[in-house]
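The structure under discussion appears below in the form of structure tokens.
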Amino acid sequence: MREGKLTLPVLYLLNSEGDERLRQLGLKVKKQIAGADEIAELVALTKERGGIDYAYEVMRGYKELALQILAPYPESEAKEGLRLFLDYMITRDR
């Protein structure tokens with residue numbers, strides 16, 4: 001967020017809450033004028049209000065879609081590598 005990029009969990013928070021103060025905080029982050037305390041507050045609120053859980057649900061949905069796309073192809077090291085990569089991306093840092 002220090003680079004002014006609003007991540008999926010934060011966007012979920014901003015879109016699911018009708019809080020004008022949160023919206024203004026999101027705009028400050030996007031414009032790169034938010035202080036460290038404001039960024040920390042936005043991160044904490046995102047975690048508290050389900051933004052991280054929402055992002056994981058979206059990732060799991062994309063994983064399932066990817067697995068469906070891979071299903072018709074024969075088993076191979078490449079296919080197994082893609083499955084392992086998907087698992088790694090979803091479970092890391094959680």
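A few comments on the model shown:
- With a cut-off of 13 Å between beta carbons, the residues surrounding Arg49 carry a summed charge of -4, where Lys and Arg count +1 and Asp and Glu -1.
- Local net charge near Gln32, Cβ-Cβ under 12 Å (Lys/Arg +1, Asp/Glu -1): +3
- Rounded to the nearest 500, the helix-only mean residue ellipticity at 222 nm of the chain stands at -23000 deg cm²/dmol, with each DSSP H run of n ≥ 4 adding -39,500 (n - 2.57).
- Across segment 76-87, coupling constants 3J(HN,Hα) worked out from phi with the 6.51/-1.76/1.60 Karplus curve, θ = phi - 60°, read 7, 5, 5, 5, 5, x, 5, 5, 5, 4, 4, 4 Hz, and Gly and Pro carry x.
- Number of Lys pairs (Cα under 25 Å; 8 or more positions apart or on different chains) in the chain: 10
- The charge dipole of the chain, taken about the Cα centre with unit charges on the Cβ atoms of Lys, Arg (+1) and Asp, Glu (-1), comes to about 280 debye, rounded to the nearest 20.
- Taking Cα atoms only, the orientation of helix 20-30 departs from the longest principal axis of the chain by about 70 degrees.
Bear in mind these aren't lab numbers, they're just calculated from the coordinates by the rules spelled out. Computed from a predicted structure; not experimentally measured. Neighbour counts are summed over all protein chains in view; Cβ atoms, including those assigned to glycine, are modelled from backbone coordinates with ideal geometry.
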